[in-house]
Amino acid sequence: MIANPVPWPNGAKCAACVTFDMDADSLVHISHPRDSHRKVATTSMLQYGPEVAIPRIVETYKRLGIRQSFFIPAWCVERYPRAVETILEGGNEIGHHGYIHEHPNELSPEEEAHWLDVGIDILKRATGAAPRGWRAPLYNMSDISCSLLAERGFSYDASLMGDDQPYMLDTPKGSLVELPTHWGVDDWPQFVQSDDLGYMGNIMAPTMGFEPYIQEFNAIRKYGGLWVAVVHPFAAGRLARWDVLASFLESAVERGDVWFAPMEEIAAHLRKVVEAGDYVPRRVEMPAYKEPVYDAAIAKYARREP
């Protein structure tokens, strides 16, 4: 079903990465910029991520001998330095996830570039290196995001949903590896319920909530693609939920035929096999559209009055 699978290291059947978006309470501050300080219960729910869940998650990764990727808004990097230190001590990657979870496609080009650069500088100071990867907050990439990333030397993006395995994004400023995911492996629909965050879902039992992840993983492993889970420490890092996910990860690692790696290493591997001539990826020109298309599409076949 995947006609052109990536040749993964050591003959692995697929590549996999559990990517945590450690948004913490940036979410309530961006949603309620004038009165977030009054949203005390929601703030406590979101702070559970860096304060309680992150040590638990990193300890599990250490026990299993794997390293993974965390995407963190730069404001959260400054606000929660102990969580950042814990993540880095485990050998995990920290990627760019905006400044305070602002949506790039709601900003002017100048504003988007400014906050991207602010985040880069903060992550450099906190980690000692420029971030290699980026995920747009809420996946809300703009039409210029890829060009800005390529211009600044990013290796990959993790915001799009256009394939079952990595592909290339070509921009006027250079190319990025796209490491795609989709909403079926995001924990927001299964586990988040918050009126303050504008989402009132039906919270699922942990085993039921993670069943879509497991079925998606099994199909990716069968056909040789890339499995990228998108989860949040305040949601999937809760005790019963993480217990279920940790047990799944343990069984997946024990199989020995899945390459669990940080996203930056997956992107580097794709570039390596492409440059060696061992793999020809699908390539997509970005952005898909440079202007709105609706009016022109309607005008082409509009009903003409007699």
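For the residues VAL280, VAL253, the requirement of being hydrophobic (A, V, I, L, M, F, W, C) and surrounded by 12 or more Cβ atoms within 10 Å (Cβ to Cβ) singles out VAL253.
Taken over the stretch 265-306, the residue count meeting the criterion of being in contact with a helix residue (DSSP H, G or I) (Cβ under 7 Å, 6 or more places away or on another chain) and without any contact (Cβ under 8 Å) to a residue 40 or more places away in the chain is 0. The set of residues from the stretch 284-306 being open to solvent by 60 Å² or more (accessible area, probe 1.4 Å) and assigned to a loop (DSSP other than H, G, I, E, B) comprises ALA288, TYR289, LYS290, GLU291, PRO292, VAL293, TYR301, ARG303, ARG304, GLU305, PRO306. Looking across ASP164, ASP117, one residue alone is surrounded by fewer than 21 Cβ atoms within 10 Å (Cβ to Cβ) and closer than 30 Å to GLU216 by Cα. It is ASP164. Across the stretch 120-135, the qualifying residues are those that are surrounded by fewer than 23 Cβ atoms within 10 Å (Cβ to Cβ) and not in a helix (DSSP H, G or I), and the one among them that is farthest from the chain's Cα centre (by Cα) is GLY128.
Counting only strands (runs of 3 or more DSSP E) wholly contained in the stretch 171-283, the ones carrying 3 or more residues that are under 23 Å from PRO131 (Cβ atoms) and hydrophobic (A, V, I, L, M, F, W, C) occupy 226-231. All conditions in (1) over 26 Å from SER145 (Cα atoms); (2) modelled with pLDDT of 95 or more hold for ARG283, with the sole exception of (1). For the stretch 58-74, the set of residues classified as open to solvent by less than 60 Å² (accessible area, probe 1.4 Å) and not β-branched (Val, Ile, Thr) consists of TYR61, LEU64, GLN68, SER69, PHE70, PHE71, PRO73, ALA74, listed by residue number.
Within the stretch 1-30, track down each residue that is assigned to a loop (DSSP other than H, G, I, E, B) and in contact with a helix residue (DSSP H, G or I) (Cβ under 8 Å, 6 or more places away or on another chain). Lay out the reasoning, then the answer.
So the first thing to find is which residues in the stretch 1-30 are assigned to a loop (DSSP other than H, G, I, E, B), and the list is 1-8, 12-13, 22-25.
Residues satisfying the conditions are MET1, ILE2, PRO5, VAL6, PRO7, TRP8, LYS13, MET22, ASP23, ALA24, ASP25.
Out of everything in the stretch 173-223 that is touching a strand residue (DSSP E or B) at 6+ places or on another chain (Cβ under 6 Å) and of a type in the set (Val, Ile, Thr), what residue ends up being surrounded by the fewest Cβ atoms within 10 Å (Cβ to Cβ)? Result: ILE203.
Take the conditions (1) over 20 Å from the mean Cα position of the chain (by Cα); (2) at positive phi; (3) at pLDDT 95 or above; LEU138 misses just one of them, which is (1). Just one of the listed residues (PRO33, PRO55) is without any contact (Cβ under 8 Å) to a residue 12 or more places away in the chain, more than 17 Å from ARG135 (Cβ to Cβ) and not in a strand (DSSP E or B), namely PRO33. Within the stretch 230-245, residues that are within 18 Å of LEU64 (Cα to Cα) have Cβ atoms under 8 Å from residues that are surrounded by fewer than 22 Cβ atoms within 10 Å (Cβ to Cβ) and aliphatic (A, V, I, L, M) in these pairs: GLY237/VAL52, counting only partners at least 6 apart in sequence or on another chain.
Here ALA53 clears all of (1) within 18 Å of the chain's Cα centre (by Cα); (2) hydrophobic (A, V, I, L, M, F, W, C); (3) open to solvent by 10 Å² or more (accessible area, probe 1.4 Å) except the condition numbered (3).
On the stretch given as the stretch 136-158, residues that are out of contact with any strand residue (DSSP E or B) (no Cβ under 6 Å at 6 or more places or on another chain), part of a helix (DSSP H, G or I) and open to solvent by less than 10 Å² (accessible area, probe 1.4 Å) total 2. Of the residues contained in the stretch 69-92, one or more are found to be in a helix (DSSP H, G or I), touching a residue at least 24 places away in the same chain (Cβ under 8 Å), among the small types (Gly, Ala, Ser) and closer than 23 Å to PHE191 by Cβ. Within the stretch 140-191, being of a type in the set (Val, Ile, Thr) and over 30 Å from ARG238 (Cβ atoms) holds for ILE144, THR171, VAL177.
In a strand (DSSP E or B) and either at pLDDT 95 or above or of a type in the set (Ser, Thr, Tyr) (or both): is that true of MET161 in this structure?
Details: in a strand (DSSP E or B): no; either at pLDDT 95 or above or of a type in the set (Ser, Thr, Tyr) (or both): yes.
The answer is no for MET161.
Residues that are within 17 Å of ALA130 (Cα to Cα), open to solvent by less than 40 Å² (accessible area, probe 1.4 Å) and of a type in the set (D, E, K, R) within the stretch 75-104 comprise just one, GLU93.
The values are calculated or read from the model by the stated rules, or taken from the named source; none is laboratory data. Note that the structure is a prediction, hence the values are computed from the model and not measured. Neighbour counts are summed over all protein chains in view; Cβ atoms, including those assigned to glycine, are modelled from backbone coordinates with ideal geometry. Accessible surface areas use protein heavy atoms only, side chains included; no ligands, DNA or RNA. Shrake-Rupley method; radii C 1.70, N 1.55, O 1.52, S 1.80 Å.
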